[in-house]
Amino acid sequence: MTDISQTMQPGVGDVLATAKASPARRGVGLLALAGLGVVLIYSALTRSPDLGWQIALAAIGLGFIAIAELMRRSTASALELTDDALRDADGRVIVRMDEIERIDQGAFAVKPSNGFLLKTNRRVPRGWRLGLWWSLGRRIGVGGMTPANETKLIAEMIRAKLAERDAA
């Protein structure tokens, strides 16, 4: 079982393709979450009918601001495909190539926007990088805030590597 916290040594394996969060999507997402948080806090302070509602609205508003900060940190990273693995730009291995069973880009796949779904041959630890990838059980969703052309390139390269591996 691959440990999600494994890292690759810097310089080991050339980066074949990279997918980074689109600045426009990142900006809109951050503005929407933080803006909603600010509006809820403002509403709690100026228009709440009672103390219970003030506390609830303020807590929910702070929650949205915290999620916006989590998204800001997550989308500052990128996805990198090497010969050996798909990893975060910080070196965290998401999945090794020999663990990938198949790839799904179909319209009915439960996958992130502009992304794809990987099915592995064994369970992977849960992980999540808001806007970039998630892993749960034997499935890994890649994409979200990444441009479609970048994630499609990574998906096609993985598909080619799987076909090459299966032919051997």
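Between 40, 81, 117, which gets the highest mean-square fluctuation from a Gaussian network model of the chain, Cα cutoff 10 Å? Of 40, 81, 117, the most mobile in the Gaussian network model is 40. Computed over protein heavy atoms with a 1.4 Å probe, the accessible surface of the chain works out to 55 Å² per residue.
Each residue of segment 51-60 was assigned a 3J(HN,Hα) from its phi angle through the Karplus expression (A = 6.51, B = -1.76, C = 1.60, θ = phi - 60°), giving 4, x, 5, 4, 5, 4, 5, 5, 5, 5 Hz with x at Gly and Pro. Across the accessible surface of the chain, with the other protein chains kept in place and a 1.4 Å probe, carbon and sulfur atoms take up 60 percent.
Computed about the Cα centre, the dipole magnitude for the chain is approximately 380 debye when only Lys and Arg (+1) and Asp and Glu (-1) carry charge, each at its Cβ. Converting phi to 3J(HN,Hα) with the Karplus coefficients 6.51, -1.76 and 1.60 and the offset θ = phi - 60°, segment 157-168 yields 5, 5, 4, 5, 5, 5, 5, 5, 5, 5, 6, 7 Hz in sequence order, with x at every glycine or proline. Sorting the segments 71-77, 145-151 by their mean number of nearby beta carbons within 10 angstrom, highest to lowest, gives 145-151, 71-77. Among the listed pairs 20/161; 20/119; 20/111, those whose Cα-Cα separation exceeds 19 Å are 20/161; 20/119. Summarising the amide proton neighbourhood of residue 133: residues at separation of 5 or more, or on other chains, whose placed amide H is nearer than 5 Å comprise 143. Angle between the Cα long axis of helix 23-46 and the longest principal axis of the chain, 0 to 90 degrees, nearest 10? For helix 23-46, the angle is close to 20 degrees.
Distance from the C-alpha centroid of segment 106-168 to that of segment 31-102: 20 Å, rounded to the whole angstrom.
The values are calculated or read from the model by the stated rules, or taken from the named source; none is laboratory data. As the structure is a computational prediction, the values presented were derived from the model and not from experiment. When we count neighbours, we look across all protein chains shown, and the Cβ atoms used for this are built from the backbone with ideal geometry, even at glycine. Heavy atoms of the whole protein, side chains included, go into the accessibility calculation; ligands, DNA and RNA do not. Shrake-Rupley method; radii C 1.70, N 1.55, O 1.52, S 1.80 Å.
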